[in-house]
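Since the structure comes first, as structure tokens, the remarks are kept for the end.
Readers should treat all values here as calculations from the given coordinates under stated rules, not as data from a laboratory. Predicted model, so just to flag it, every value in this text is computed and none were measured. Cβ sites come from the backbone with ideal geometry, for glycine too, and all protein chains shown count toward neighbours.
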Amino acid sequence: MSDSPKISLTDLHKGFGTKKVLQGVNLDVAAGESVAIIGGSGTGKSVTLKCILGLLTPDSGSIKIDGVEMVGADRKTNEAMQAKSGMLFQGAALFDSLSVWENVAFGLIEGQGMPRKEAHDIAIKRLSDVGLGPEIAPLSPASLSGGMQKRVGLARAIATRPEILFFDEPTTGIDPIMGDVINDLIVKCTRELGACALTITHDMASARKIADRIAFLYKGTIIWDGPVADVETSDNPYLQQFISGNTEGPLDLDLKHL
Amino acid sequence: MPILAPIGRIFLAFLAVVGRVTIFAVKTLVHCVTPRFYFRLIFKQMCEIGYYSLPVVAMTTLFAGMVLALQSYSGFSRFSAESAVATVVVISMTRELGPVLAGLMVAGRVGAAIAAEIGTMRVTEQIDALVTLSTNPFKYLVVPRVLAGLITLPILVFIGDIIGVMGGYIVGVNKLSFNSGSYIQNTFQYLETLDVVSGLVKAAVFGFIITLMGCYQGYHSRGGAQGVGQATTNAVVSSSILILIANYVVTELFFVR
């Protein structure tokens, strides 16, 4: 079991009506490895992540976490998977009705049944881990800047010391400097936890910094997969066009809908 | 027949919505009776739905009782039945006006707020975040609101009934020159327990409808701010219509033999 991948996707398909979004995604992520799935808008990155998290049910294919099949799994299996994973959402997805510390401690209080006082202390430590002071703990998430919200979201994702971390477009919507801060924090937290990380992004700078390996998703399938160092030297024309940002090339860009 | 096709499509779409709402309601009821229970959230929602709706319900029922006293006096004086005013006010308030007016006011205030809050949570991925944090959104968001609606609406309506009857008394004694003692005596002389109980049962049904439709519309909202706005409108309109339908059904169950 120990040498089996932490996350394993096999021939994953998902469609909405007549639109086929995922058309046979295959990907393995090893324990302690950080993989970034890159690709343009509408290629199925978010759908892949939502299928892994159990927020969407795939039409066919297999998703294994620690060798356990998650497609069609019962509630307890799903809860066990969620208990060992943490997720940073694109817009942070902080709960408006709770304070900053209650957001960070949510998984500890509601998921693990930890007393509020103990959870509060851990939340303050996690906020400190992402460079935020205790003075913001009682504030409402709405009173924070976008970058601070992302950091609180990261603190919430790591609060339960998960084995698997998911990041959905971690640098979208924030300035490049704050984006770099977030990238550094993601690398630091992932290493400290020894967690395996799966990031979806279209920000190449972020992917290069966060990931050990990059998978390029195009039209619902992964058409290139390799170490970060090989991205620049790859002879895959689709990947080269994507990282160079050219509108001319083999990628079928429907610019009217972008 | 080209005209039949769109009618059929509308009817099928209507049936699909009825099916989805029914499944949502059954799922809610199952979660209402199975652990885990978030008592802190239930109490919080009871304050939101009950306590903060009290001024609106009090104002509505007060003036409804006052108008009812005036109107019934004006009508009954045509055949010298003015003495029935107090009885008409109390029976109308407890059986019909109290629950229906409170239900419609709470539908506008609370149903819209629930749909907007849960709808915003849906479009900003907060509901997805709940799932990833090992929390069942149904138990955390829907059940506390529905239970709070079920519990607080009867309390609100009971208070509204008293205020409405007081409104009738104020007008009856101060404006229509009824004797205070005889007005109070007439109020209770023909009032039966069933009148009050039927109103409170209606209130519980309306509380369920309002919170369920608010949660359903919010939970299934899509498409950003516009979707949330649409969910809010749908919650108020659908719960208001369902309140009026349920009012007839409950009335028939209680009083038609």
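With the contact rule set at Cα under 8 Å and sequence spacing of 6 or more, what percent relative contact order holds for chain A?
25 percent
Using +1 at the Cβ of each Lys and Arg and -1 at the Cβ of each Asp and Glu in the stretch A:7-244, identify which of A:I222, A:A211, A:A83 lies farthest towards the dipole's positive end.
Of the options given, the answer is A:A83.
Under a Cβ-only charge scheme (Lys and Arg +1, Asp and Glu -1), can you give me the dipole magnitude of the protein assembly as shown about the Cα centre, in debye to the nearest 20?
1360 debye
What Rg and what Dmax come out for the stretch A:7-244 when only alpha-carbon atoms are used, in angstroms?
Over the stretch A:7-244's Cα set, Rg and Dmax evaluate to 17.7, 55 Å.
Go through A:229-235, B:71-77 and give me the packing order, highest mean Cβ count within 10 Å leading.
B:71-77, A:229-235
Report D for chain B in µm² per second (integer): Stokes-Einstein, Kirkwood Rh on Cα pairs, 25 °C, 0.890 mPa s.
Translational diffusion coefficient: 124 µm²/s.
In the neighborhood of B:R95, defined by Cβ-to-Cβ distances under 11 Å, what is the net charge if each Lys or Arg adds +1 and each Asp or Glu adds -1?
Its environment carries a net charge of -3.
Taking every residue in A:105-117, how many Cβ atoms of other protein chains lie within 10 Å of its Cβ, on average?
That works out to 2 on average.
Between A:K84 and A:R161, what is 0.36 nm times their sequence separation minus the Cα-Cα distance? Round to one decimal in nm.
26.9 nm
Give the average, rounded to an integer, of partner chain Cβ atoms located within 10 angstrom of each Cβ in B:122-129.
6
By how many nm would the segment from B:L15 to B:Q71 grow when fully extended, if each residue of separation counts as 0.36 nm and the alpha-carbon distance is taken off?
Value of the extension gain: 16.0 nm.
Which of rounded, prolate or oblate describes the protein assembly as shown when judged by the alpha-carbon gyration tensor and an a/c cut-off of 1.5?
prolate
Set the Förster distance to 60 Å, then compute FRET efficiency between B:E192 and A:D121 from the Cβ-Cβ distance, nearest 0.05.
Using R0 = 60 Å, I get an efficiency of 0.55.
In chain A, with Lys and Arg counted as +1 and Asp and Glu as -1 at Cβ, which of these residues, A:G72, A:T190, A:V35, has the Cα nearest the positive end of the dipole, that is, farthest along it?
A:G72
So which trypsin sites (Lys or Arg not before Pro) in the stretch B:1-62 are both in a DSSP loop and have at most 14 other Cβ atoms within 10 Å of their Cβ?
Those satisfying the criteria are B:R36.
Looking at chain A as a GNM with Cα springs under 10 Å, which of A:G153, A:G220, A:G113 has the largest mean-square fluctuation?
A:G113
First measure r as the distance between the Cβ atoms of B:A84 and B:I23, then evaluate 1/(1 + (r/R0)^6) with R0 = 45 Å and state the FRET efficiency to the nearest 0.05.
0.40
Looking at the square roots a ≥ b ≥ c of the eigenvalues of the Cα gyration tensor of the stretch B:2-152, which shape do they give, rounded for a/c under 1.5, prolate if a/b is larger than b/c, or oblate?
Taking the square roots of the gyration eigenvalues as a ≥ b ≥ c, the stretch B:2-152 is oblate.
How far apart, in nm, are the 7 Å Cα→Cβ label points at A:D74 and B:L54?
Each label point lies 7 Å from its Cα, and together they span 4.7 nm.
Packing-wise, with mean Cβ within 10 Å as the measure, how do A:47-54, A:242-249 rank, highest first?
In decreasing order of mean packing, A:47-54, A:242-249 become A:47-54, A:242-249.
Just want the answer: with Cβ charges of +1 for Lys and Arg and -1 for Asp and Glu, which residue in A:F166, B:I159, B:G172 is farthest toward the dipole's positive end in the protein assembly as shown?
B:G172
When you have a sec, figure out the Kirkwood radius of the stretch B:1-88 from all distinct Cα pair distances and drop it here in Å to one decimal?
18.7 Å
Just from its helices, what would the mean residue ellipticity at 222 nm be for chain B, if runs of 4 or more DSSP H residues each count -39500 (n - 2.57) and the sum is divided by every residue, rounded to the nearest 500 deg cm²/dmol?
It comes out at -26500 deg cm²/dmol, rounded to the nearest 500.
Taking the Cα centre of the stretch B:38-255 as origin and charging only Cβ (+1 Lys, Arg; -1 Asp, Glu), how large is the dipole, in debye to the nearest 20?
Dipole size: approximately 280 debye.
For the stretch A:51-146, give the magnitude of the charge dipole about the Cα centre (Cβ charges: +1 Lys/Arg, -1 Asp/Glu; no others), in debye to the nearest 20.
Once rounded to the nearest 20, the dipole reads 120 debye.
Over all directions, what mean area does the Cα convex hull of the stretch B:123-230 project, stated in square nanometres?
That works out to 9.8 nm², a quarter of the Cα hull's surface.
For the ranges B:203-213, A:97-107, A:22-32, what's the packing order if you count other beta-carbon atoms within 10 Å of each residue, average per peptide, and put the highest first?
B:203-213, A:97-107, A:22-32
Amide H of B:F178 versus every other amide H placed in the peptide plane: which residues, excluding those fewer than 5 positions away on the same chain, fall under 5 Å?
Here B:V173 satisfy the definition.
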